[in-house]
Amino acid sequence: MAQLAEQPAATQPRVGKQGDPCVMVIFGAAGDLTGRMLIPALYNLARAGLLSRDFAVVGVARTQMSNEDFQKRVHEDVKNYCGDCIDEDLWDSFIRGFYYFTGDFTDNNLYPQLKEFLGKVDKEHSAHQNVFYYLATAPSFFGNIVEQLAAAGLMQQTNGVWRRVIIEKPFGHDLESAKTLNQQLLKVADETQIYRIDHYLGKETVQNILAFRFANGIFEPVWNRRYIDHVQISVAETVGVEGRGSYFDHAGSLRDMVPNHIMQLISLTSMEPPISFDANAVRDEQAKILHAIQPMTDEEVLSRTVRGQYGDGTEDGKRALAYRSEPDVPPDSRTETFVAIKLLIDNWRWADVPFYLRTGKRMPVRNTHIVIQFRRAPFVLFRDTPVEHLMPNQLVLHIQPEEGISLQFAAKVPGPVMRLGTVDMNFEYQEYFGKQPSTGYERLLHDCMIGDQTLFQRADMVEAGWSVVNPILDIWKALPPRNFPNYASGTWGPKEADELLERDGRRWRNFEK
């Protein structure tokens, strides 16, 4: 095996604790997630000086590949997705830590052989026998891989050695399957070893929700039902299913986005202040919110949820196919590509404040944002002026593609007459702090290396999220949609989604390109 040269000084000043010495094992190393996200994220961590000198990667997949072939692929991935020139001095030490192991995840003989191979890599890199496994595989492999790792002694922790496993979404496909997978994992691993990843929590604005709320004395006092009228969470995508028709048609937008991404955004936006930033203190408060979401009756599912499927339309001036015309999608598919839901939270802070959620494909813009709409000010002062109505204040947390925060408020238009105009105060991360190379996975991988589970879901959080979604799944399965497709590609979803808010005297906040 190649010797690891001493790592030169990082190309950026290090901010934060360096990761522990360890080996990262990537199951599914030949896949798209590894190339687009994980490898560039590791390189960005190396550039920031946050990777230990004693760090190595072992890629595992069925594709036949040598160490040299894998290293060439890693080089191409970093060149394609990191965007900056590769630092040759840093690169030499970085790439020498990459190895490849060919194997079939379903073959029980793989795991004893992998154990022997990891022993050699550990000696080569002095990784202190610390290992974390990243399951970048199909969900059907999750439980079996962890069981086989445990059977081979690869999850065992003794004498300060740690073993952890990162599990991608989807974590189950309904409440029952999520419970079953949790039980399967917890038979052979401790909860402290299981890192259920949601890459949305790697985004700066998502992490900043806690800092914004709890580090600023002017916002938290008004973060409640007395001052807030409602909350909107939108996750809009311009793309269709992008060649994942067979997977997506079994999942749909509800399963794909709501129990994980959107529930995480809800919990961070609405949770009570934790007693500290200890991982379990934060996750305790998140779990309380998820358990406080009001369960829907069958009738409420019909009146408070909307599903849609995109038809023909345009995207960037080009014709876009209907969902049913996408590859590997049945021509009579009943799978939803759009979801809108009205949720209520049964606690003192949020009683009677609706949370409106929506997510959809083939929408006009790619934009994820959280809108906090405050109650209108009393109009009495303006009754004898030309002002006809007062716009409510809105605080918007922009999550992607641009990350930032904006506050909308009223101001007098200059002139002799009392007229009001709407003003936006905008904060953009890139403008204030500069652009940092990021895939969204850097923080999460680093947290796993140092044992910080704050941004990872616990078993009870996963199950609470599915508990909200399950009644909707049951009703939608029992009552198939009659009007699919019901929105054109390049629009903001079916008209029923607008009516969901209009019935309450509200409307969605849409952002243009």
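Every number in this text was worked out from the coordinates using simple rules, so none of it is lab data. Computed from a predicted model, the values in this text were never measured in an experiment. Here the Cβ is made from the backbone with ideal geometry for all residues, glycine too, and neighbour counts use every protein chain on show.
Just grab the label-to-label distance for residue 302 and residue 242, each label 7 Å out from Cα along the Cβ direction, in nm (one decimal). It is 3.7 nm. Considering all different alpha carbon pairs of the chain, the Kirkwood hydrodynamic radius works out to 24.8 Å. Within the chain, helices built from complete DSSP H runs that reach 15 Å or longer along their own axis (Cα positions) and carry a mean Kyte-Doolittle hydropathy of -0.5 or higher are 175-186, 204-214, 279-292, 459-478. Considering only 397, 472, 274, the residue lying farthest towards the positive end of the dipole of region 201-502 is 397, judged by Cα position with unit charges set on Cβ. Using a/c under 1.5 as the rounded threshold, could you call region 269-320 rounded, prolate or oblate? The axes a ≥ b ≥ c are square roots of the C-alpha gyration tensor eigenvalues, and prolate needs a/b larger than b/c, oblate otherwise. Note, shape of region 269-320 comes out oblate.
Sorting 106-112, 267-273 by their mean Cβ neighbour count within 10 Å, with the most densely packed peptide first, gives 267-273, 106-112.
Fewest to most neighbouring Cβ within 10 Å: what's the order for 348, 223?
348, 223
Computed over the chain, relative contact order equals 17 percent, with contacts defined as Cα pairs under 8 Å that lie 6+ residues apart. Given their separation in residues at 0.36 nm each and the Cα-Cα distance between them, residue 66 and residue 85 gain 4.3 nm when the chain is fully extended.
Given the pairs 123/169; 79/187; 342/513; 123/203, which are separated by over 30 angstrom at their Cα positions? Correct reply: 123/169; 79/187; 123/203.
What's the local net charge at residue 42, with K and R +1, D and E -1, over the other residues with C-beta under 12 Å away? Could you put the intermediate results ahead of the total?
Details: positive: 47; negative: 77, 442.
It works out to a net charge of -1.
For the chain, give the magnitude of the charge dipole about the Cα centre (Cβ charges: +1 Lys/Arg, -1 Asp/Glu; no others), in debye to the nearest 20.
940
Over the chain, dividing the summed -39,500 (n - 2.57) contributions of all DSSP H runs of at least 4 residues by the number of residues returns a 222 nm mean residue ellipticity of -9500 deg cm²/dmol.
With a ≥ b ≥ c the root eigenvalues of the C-alpha gyration tensor of region 67-176, is it rounded (a/c under 1.5), prolate (a/b larger than b/c) or oblate? Cα axes put region 67-176 in the oblate bin.
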